[in-house]
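Q: A single structure is presented below for examination.
The values are calculated or read from the model by the stated rules, or taken from the named source; none is laboratory data. Here the structure is a predicted model, which means the values were calculated and not measured. Cβ placement follows ideal geometry from the backbone for every residue including glycine, while neighbour counts extend to all protein chains displayed.
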Amino acid sequence: MLLKSLSARLLILTVFFVMLSEVLIFVPSVARFRMTYFENHLAAGHIATLALEASPSGKLDQDLADRLLAQVGAQAITLYRSDGPALTLSVANPPLPKFTIDLTHPDILLAIRGSFRTLLGTGNRALRVLGPSMTDGAQTVEVLLDEAPLRAELWDFGVRILELSIVISLITAALVYLSLQWLLVRPMRRITSSMMNFREDPEDGSRVIAASSRHDEIGVAERELAVLQKTVRQALGQRARLAALGTAVTKINHDLRNILATARLDGRTDSQCRARGAPCGAAPDRRDRSRHRAVYAHAGFFARGCTAAGAEPVSTGRPGRRGRRRSRAFG
């Protein structure tokens, strides 16, 4: 049920898009971390070669050289100087380089490809890294590094980025969820509830939504819904009045037809009596005349009411000359 709500779907989408953006940020970030790793080792290697410049013979004993290389984290260091011979520090048996990385002309695409090659690799290749000196651009430093420590550093960096991405995505998603819940979901639930309540009893005026003072799309929807509900109520009320009026007119029409049938039958009886010279029946008394006048008065009232309400009045037909004579007989 939670996943069917709009706010929950937006929460999931927010987490997904934040994680996607973090992935897009992670790719160049890990390449930059790899380049920084190499630059730091180049700078440390340059500092280590200063011991060779301080040595009168230009060489160090192997024990001191191993300790300097261990501090740098390299198998060998070479400093290429423009004004003198190259200075080299190396272990007793340095491994052969398997791959060369040139930082004198950096390329971001090559750095990204090399970063993922290191992350997804399993061996411990020897990497030959070349780059300019951090203190003197005319000098070039070369270090021979193991790939396994670099891989461990990259994975540690990736885990930190992942943890940070999860925290950022959850915080962002929570803020978006609360904002949408307050600004969009709650007003939409109110509109939906009002529509469902109005559908149960459209003639109840208390079920019409009370529009808020908002000036955005939600406020416009509430005001238009209130106008629509009032219009429906008016139409239903007019329809009920017309139905009641039609029922009354039908009843009056039925009474009129009975009266006209009675008058037509009395007229035929009077004509037969006059033809035979026999005495006719007694004329209608005052009570009958009053009742007939009341029926005709009500018929005229309801006919005018039908015309005012927009309905067609029920016609009983225009009486002829004989009918008018019979009508005068009732008063």
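Q: Report, by residue number, each residue of segment 100-115 that is surrounded by fewer than 16 Cβ atoms within 10 Å (Cβ to Cβ) and touching a residue at least 40 places away in the same chain (Cβ under 8 Å). Break it down stepwise before answering.
A: First, pick out the residues of segment 100-115 that are surrounded by fewer than 16 Cβ atoms within 10 Å (Cβ to Cβ): 100, 102, 104-110, 113.
Those that are surrounded by fewer than 16 Cβ atoms within 10 Å (Cβ to Cβ) and touching a residue at least 40 places away in the same chain (Cβ under 8 Å): Pro106, Ile108.
Q: Okay, next question. Taking segment 207-227, which residues are in contact with a helix residue (DSSP H, G or I) (Cβ under 9 Å, 6 or more places away or on another chain), part of a helix (DSSP H, G or I) and without any contact (Cβ under 8 Å) to a residue 24 or more places away in the chain?
A: Arg207, Gly219, Ala226
Q: Read through the list (1) surrounded by fewer than 14 Cβ atoms within 10 Å (Cβ to Cβ); (2) at pLDDT 85 or above, then give the number of the only condition that Arg268 fails.
A: Tallying (1) surrounded by fewer than 14 Cβ atoms within 10 Å (Cβ to Cβ); (2) at pLDDT 85 or above, Arg268 fails exactly one: (2).
Q: So which residues in segment 118-154 are of a type in the set (Val, Ile, Thr) and surrounded by 13 or more Cβ atoms within 10 Å (Cβ to Cβ)?
A: Thr118, Val129, Thr140, Val141, Val143
Q: Does Leu6 satisfy the condition of being assigned by TED's automatic domain parsing to the domain that holds Leu120, in contact (Cβ under 8 Å) with a residue 24 or more places away in the chain and under 30 Å from Ala174 (Cα atoms)?
A: yes
Q: Kindly list, by first and then second residue, each pair from a residue in segment 75-98 that is under 15 Å from Val129 (Cβ atoms) and of a type in the set (D, E, K, R) to a residue that is at pLDDT 85 or above and outside any loop (DSSP other than H, G, I, E, B), limited to pairs with Cβ atoms under 9 Å and residues at least 6 apart or on different chains.
A: Lys98/Ala126; Lys98/Leu127; Lys98/Arg128; Lys98/Glu147
Q: Taking segment 56-97 on its own, how many of its residues are under 13 Å from His41 (Cβ atoms) and at pLDDT below 85?
A: Within segment 56-97, residues that are under 13 Å from His41 (Cβ atoms) and at pLDDT below 85 number 0.
Q: When you scan segment 76-96, do you find a residue that is within 30 Å of Ile25 (Cα to Cα) and touching a Pro at 6+ places or on another chain (Cβ under 9 Å), even just one? Give the steps one after another, and end with the answer.
A: Of the residues in segment 76-96, the ones within 30 Å of Ile25 (Cα to Cα) are none.
No; the residues of segment 76-96 include none that is within 30 Å of Ile25 (Cα to Cα) and touching a Pro at 6+ places or on another chain (Cβ under 9 Å).
Q: Restricting attention to segment 13-60, which residues are of a type in the set (D, E, K, R) and either surrounded by 19 or more Cβ atoms within 10 Å (Cβ to Cβ) or assigned to a loop (DSSP other than H, G, I, E, B) (or both)?
A: Those that are of a type in the set (D, E, K, R) and either surrounded by 19 or more Cβ atoms within 10 Å (Cβ to Cβ) or assigned to a loop (DSSP other than H, G, I, E, B) (or both): Arg34, Lys59.
Q: I'm trying to understand the selection: among the residues of segment 155-202, which are free of Cβ contacts under 8 Å to residues at least 60 places away in the same chain, of a type outside the set (A, V, I, L, M, F, W, C) and either assigned by TED's automatic domain parsing to the domain that holds Thr122 or loosely packed, with under 14 Cβ neighbours inside 10 Å (or both)?
A: Asp156, Arg160, Glu163, Ser179, Arg186, Arg189, Thr192, Ser193, Arg199, Glu200, Asp201 - these are the residues of segment 155-202 that are free of Cβ contacts under 8 Å to residues at least 60 places away in the same chain, of a type outside the set (A, V, I, L, M, F, W, C) and either assigned by TED's automatic domain parsing to the domain that holds Thr122 or loosely packed, with under 14 Cβ neighbours inside 10 Å (or both).
Q: Of Thr135, Thr104, which residue is over 21 Å from Ala54 (Cα atoms) and at pLDDT below 90?
A: Only one candidate qualifies: Thr104.
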